[in-house]
1. Evaluate the Debye formula for the range 1-126 with equal point scatterers sitting on the alpha carbons, no solvent, and hand back log10 of I(q)/I(0) at q = 0.12, 0.17, 0.20, 0.23 Å⁻¹, in q order, two decimals.
2. With angles folded into 0 to 90 degrees, how steeply does helix 150-162 sit against the dominant principal axis of the chain? Use alpha carbons for both and round to 10.
3. Based on Cα coordinates alone, diagonalise the gyration tensor for the range 471-524, multiply each eigenvalue by 5, take square roots, and list the semi-axes in whole Å, largest first.
4. Run the quick spin-label model on E435 and D501: label points 7 Å from Cα toward the beta carbon, then report their separation in nm to one decimal.
5. Going out from 0 in 20 Å bins, what whole percent of all Cα-Cα distances in the chain drops into each bin?
6. Once amide H atoms are placed 1.01 Å from N in the peptide plane, what residues at a sequence separation of 5 or more from D68, or on another chain, have their amide H within under 5 Å of its amide H?
7. Applying the Karplus parametrisation 6.51 cos²θ - 1.76 cosθ + 1.60 with θ = phi - 60° to the phi angles of the range 135-146, what ³J(HN,Hα) value in whole Hz is obtained for each residue in order, glycine and proline being reported as x?
8. Which order do you get for M292, M129 if you rank them by accessible area with a 1.4 Å probe, largest at the top?
Amino acid sequence: MSETTKSLNFIEQIVEEDLVNGYTKDELRFRFPPEPNGYLHIGHASSICLNFGLGLRYNAPVNLRFDDTNPAKEEQEFVDAIKKDVAWLGYKWDTERYASDYFQQLYDWAVELIKKGKAYVDDQSSEEMALQKGTPTQPGTNSPNRDRSIEENLQLFEKMKNGDFEEGTHVLRAKIDMGSSNMLMRDPIMYRILHKAHHRTNTDWCIYPMYDWTHGESDYIEQVSHSFCTLEFAMHRELYNWFLDQVYDENKIRPKQREFARRNLSHTVVSKRKLAQLVEKGVVKSWDDPRMPTISGLRRRGYTPEAIRNFTDAIGIAKRDNLIDVSLLEFQVRDHLNKVAPRVMGVLDPLKVVITNYPEGEVEWLDAENNPEDESAGSRKVPFSREFYIEKEDFREEANKKFFRLKLGKEVRLKNAYIIKAESCTKDTDGNIIEVQCTYDPKSKSGSGTEESLRKVKGTLHWVSIKHAVEAEVRLYDRLFTDESPDTHKDKDFMEFVNPDSLKIITAYVEPHLKEAKIGDRVQFQRMGYFCVDPDTTAGKLVFNRTVGLRDSWAKIAQK
């Protein structure tokens with residue numbers, strides 16, 4: 001086995017084996033088939049990257065197909081969001097398809113199944129059908145309607161189509177085997193009645209095909225060669241193949257369904273139903289809330305498509321479901337932003353500092369490197385003056401030898417500026433420090449080459465000139481749930497684990513050039529983390545979201 005073959009995941013091995021056993025590369029076609037009933041989340045990213053990645057690897061087309069068979073839950077908003085997310089991740093689909101494109105063909109095939117005695121209309125209640133279904137260890141029993149005549153079934157099915165019956169009164173079922181060990185094969189429902197307008201076909205149809213009937217036949221119509229889905233559909237494969245058997249022409253490509261493991265992410269949920277609950281109950285503001293694991297939420301928070309693709313590569317494709325630590329995703333965005341995000345200075349918890357021996361009214365424009373990881377990023381000018389802000393946590397009146405920041409009688413360097421020494425401080429009536437008075441060494445300017453500038457000082461602080469500072473709203477986002485697997489507790493609702501501190505809103509002060517920042521711009525606030533300009537930003541109000549800290553703070557919490 002070659003080194004290249006060894007590195008293949010099991011899905012790629014399936015494709016390679018099929019190419020050896022008769023497929024040609026020209027016959028390969030893949031698809032990503034989302035249901036437009038919610039926004040895509042990080043779990044979908046693996047499927048997107050898998051299918052579109054295979055398309056790139058084999059130079060094969062990939063369809064974006066919306067499995068839009070349930071007008072009760074589907075909306076054009078979700079279609080638009082899905083298209084935006086896939087494109088943002090960097091992928092191009094060959095054709096945009098919809099299951100609704102095939103409603104007439106699916107109906108015609110269903111009529112043929114009735115004529116062959118392989119489908120029948122059942123007018124029992126759902127409760128009655130459920131009782132007849134049996135159990136995993138006991139076979140089901142036949143519906144009293146199972147042996148209706150072909151003529152009666154055709155008439156009833158047409159009436160279903162014409163809207164003559166109320167919802168829930170009639171269904172079309174495939175006639176397979178009520179004694180099958182696979183309960184999905186026990187006469188599954190193919191069509192149900194829904195008197196609801198569809199986002200594409202409006203009120204043209206009163207009946208809508210079920211997912212199992214629609215999915216494989218849509219793959220076949222599109223001549224998809226490989227239909228990859230998550231493990232919960234493994235038991236559906238037998239039904240997928242049975243439905244294909246009813247329409248398959250041996251002169252055409254027969255789609256092959258294979259399954260891979262769903263990737264769950266710690267400290268969140270990736271169920272569309274549960275994500276919808278978070279939105280509906282106001283736990284988050286919207287589907288693209290930066291705390292949400294949706295792709296649009298991650299984008300708004302400041303994640304990059306490269307980071308998400310790198311994350312899916314890192315976790316790979318597996319055969320067993322497992323829980324991935326969210327810190328791996330955070331590492332990937334941190335790693336990528338370190339390479340591409342400009343360094344800027346922003347003070348999140350300001351404390352005023354005055355340099356008593358610096359000339360009043362004087363302003364210097366100092367050189368600041370934009371990104372030490374990228375020489376081509378160049379430099380910028382930042383204003384320095386007598387009064388500036390530092391972080392409150394960067395000053396103490398007294399501290400031990402391990403505190404390398406500002407304390408009375410000791411020196412620190414200001415980033416890109418001077419060495420300063422804390423001489424005294426002022427407190428309010430409650431004893432809170434509200435100002436620090438310092439002196440500076442005028443010969444210690446960074447980059448000046450003087451002996452004083454080369455003097456070693458252990459601490460370096462970021463700062464912002466008060467006179468030039470731009471006020472900004474900063475949204476400090478944290479993990480949405482305190483428990484690593486909030487929806488796996490049998491005796492507790494996942495909502496009980498919502499992190500009450502998942503969002504903290506503060507007022508910060510940033511460099512003046514950030515007034516020109518555009519929505520979506522990503523930066524590193526030096527020493528504080530990575531941040532992104534939020535869409536709520538206006539001409540008069542700058543809003544930043546914290547994407548991720550510089551270090552994994554949760555690792556320390558977990559150790560404690």
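The values are calculated or read from the model by the stated rules, or taken from the named source; none is laboratory data. Model, not experiment: these values are computed from the prediction. Here the Cβ positions follow ideal geometry from the backbone for every residue, glycine too, while neighbour counts run over all protein chains shown. The protein model used for the area step is the full one, side chains on, heavy atoms only, and it has no ligands, DNA or RNA in it. Shrake-Rupley method; radii C 1.70, N 1.55, O 1.52, S 1.80 Å.
1. -0.65, -0.99, -1.12, -1.26
2. Taking the Cα atoms of the chain, the angle to 150-162 is about 40 degrees.
3. Listed largest to smallest, the semi-axes of the range 471-524 are 35, 11, 7 Å.
4. 3.2 nm
5. Calculated P(r), rounded to whole percents: 17, 41, 26, 13, 3, 0.
6. Residues meeting the criterion, in which the H sits 1.01 Å from N, are A99, S100.
7. In residue order, the calculated couplings are 10, x, 9, 10, x, x, 10, 5, 5, x, 9, 5 Hz.
8. Largest accessible area first, the residues go M129, M292.
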